[in-house]
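No lab work stands behind these numbers, since they all come straight from the coordinates. These numbers come from a predicted model, not from an experiment. As a convention, Cβ positions derive from the backbone with ideal geometry for all residues, glycine included, and neighbour counts pool all protein chains shown.
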Ligand code: FES
């Protein structure tokens, strides 16, 4: 379950017209919780709006600061715009403890291929940094972006480390260089296999997943942006009791618990509303959840101590939640 920490914006910097880099520190300057490569934090932007951002350089033993890169999208769902407008240097922000849904496995005998597209460089940079710090690892990073002026380079070594390849599809001058995913996977297979990690636009991740499918020695991992659709049309209504107020709210077959609570005037933090971020994780006190998220492990789902109320339902007639 994500806990929230009062923090403040220690530094704020536009690295280009569309990417804002923020450095956050604990409100009382204490050490922030540890995080491993691939981890993200939630930012509570107020009015129930919570957004996730990957840590650019997480520290496995705890850190004085968290650094994130935010792609500010005027046509997005409003989260990045609110970050740009509200998170001013020195200002407060509530930060969730790190979660890692995209963990890096480091084994010295197994090569790692990292693939980033656009702002997907943020967790991939964290992974490359961890590999840089680990002697004896074999790795390479392929970073694709439209043009250098709009790309985010969290570290200067991205420009000149021989293990890093940059692909600029629409350079300001000259012709672009395309990332050949098929060739990249073919080479990894020919060299005995690899773990391939990818974060970027869904088209890039889907294309790479297709190239990796069924290939010998390849393990493919991508940052989840969508949960699998597990609804089967057999959803039924059930009751949810809120333990702290004693209220019982009916959840109709065509409504999520989150929607039913909202309609009843009960505010609960949420973000993705598709079971991939953890913002709406809620402790379960009684009843059995029907889990439909992409976050909890099979063991955590079986333990049924908490559930994502944006997508999961009940397999018993009633649930009691710690709300
Ligand atoms: Fe993201 Fe529920 S809102 S998991």
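Tabulated data for the structure shown
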| quantity | calculated |
| --- | --- |
| Approximate spin-label separation residue 315-residue 178, in nm, with each point projected 7 Å along Cα-to-Cβ | 4.6 nm |
| Additional length obtainable on full extension of the chain from residue 189 to residue 302, 0.36 nm per residue less Cα span | 37.0 nm |
| Gain on full stretching of the segment that runs from residue 30 to residue 101 - 0.36 nm per residue minus C-alpha separation | 23.0 nm |
| C-alpha long axis of helix 181-190 to longest principal axis of the chain, angle in ° | 80 degrees |
| Using alpha-carbon coordinates, inclination of helix 121-132 to the longest axis of the chain, degrees | 60 degrees |
| Theoretical gain in end-to-end length, residue 138 to residue 166 [0.36 nm per residue, Cα-Cα removed] | 8.3 nm |
| For the chain, built as a Gaussian network whose Cα springs stay under 10 Å, the top-fluctuating residue of 151, 26, 178 | 178 |
| Inverse mean reciprocal Cα-Cα distance (Kirkwood Rh) of region 147-305, Å | 20.0 Å |
| Inter-site label distance for residue 322 and residue 234 at 7 Å from Cα along Cβ, in nm | 3.1 nm |
| By average C-beta atoms within 10 angstrom, highest first, the peptides 47-54, 231-238 | 47-54, 231-238 |
| Cα long-axis angle, helix 202-212 against the chain (0 to 90 degrees, to the nearest 10) | 70 degrees |
| GNM top mover of 114, 184, 131 - the chain, alpha-carbon springs below 10 Å | 184 |
| Where labels lie 7 Å past Cα in the beta-carbon direction, separation of residue 156 and residue 209 in nm | 3.9 nm |
